[in-house]
Amino acid sequence: MIGLRCPKCGSSRVRRGYETPPLALRLLGVHGLLCDGCNLSYRGFAVPGTVSEHTSRKSRNYRRREVAEEDEQAAHEVEQQRMGYARRVKRHEEGAQPSEVLSFAWYYVKLRVKVIVGAHHTSRPLSIKYRWRNWQHWERQKRS
């Protein structure tokens, strides 16, 4: 596979999925893809012949090592999140600035339009409350 990554989890364990796009899209290199990491089914560009239909034993062993490394990294991230909880609670109690609200509103409008057009696929809720918390999390990640 040539640099394929899952849009949801960023994993490189991507293979051909169950969905078959129309012939015109397949001729352009758009295939139905499936992530082995998060089980996301989506359409994406892939050079024909570079995406495998199934995983071999060798790649399964590699995948086991990769999953173990991802689990270790996730545990480390959870520990860091616990350490910074008090700081986040304090910041949350301060309230949102008007510039943050406007920036979030623009993000949310763009997201809804992309979902309606079909340019963004998500299995997560589109509720404002969930997206507000998610957006705040990513903004904190950008700052640190």
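When each of Arg65, Arg124 is tested for being touching a Phe, Trp or Tyr at 6+ places or on another chain (Cβ under 9 Å), under 19 Å from Arg5 (Cβ atoms) and at pLDDT below 85, the lone residue that passes is Arg124.
The set of residues from the stretch 22-40 being assigned to a loop (DSSP other than H, G, I, E, B) and either touching a residue at least 24 places away in the same chain (Cβ under 8 Å) or surrounded by 15 or more Cβ atoms within 10 Å (Cβ to Cβ) (or both) comprises Asp36, Gly37, Cys38, Leu40. So in the stretch 111-121, with the set limited to residues that are surrounded by 12 or more Cβ atoms within 10 Å (Cβ to Cβ) and without any contact (Cβ under 8 Å) to a residue 12 or more places away in the chain, which one is nearest to Cys38 (Cα to Cα)? So, considering only residues that are surrounded by 12 or more Cβ atoms within 10 Å (Cβ to Cβ) and without any contact (Cβ under 8 Å) to a residue 12 or more places away in the chain, the one nearest to Cys38 (Cα to Cα) is His120.
Would you point out the residue of the stretch 78-100, among those that are at pLDDT 80 or above and exposed (fewer than 11 other Cβ atoms within 10 Å of the Cβ), that is farthest from Arg140 (Cα to Cα)?
Here is the first cut: in the stretch 78-100, the ones at pLDDT 80 or above are 97-100.
Now restrict to residues that are exposed (fewer than 11 other Cβ atoms within 10 Å of the Cβ): 97-99.
Working: Gln97: 14, Pro98: 17, Ser99: 15 Å.
Going through the qualifying residues, I end up with Pro98.
The values are calculated or read from the model by the stated rules, or taken from the named source; none is laboratory data. From a predicted model like this one, the values you see are computed outputs, not experimental measurements. Virtual Cβ from ideal backbone geometry, glycine too; neighbours counted across all protein chains shown.
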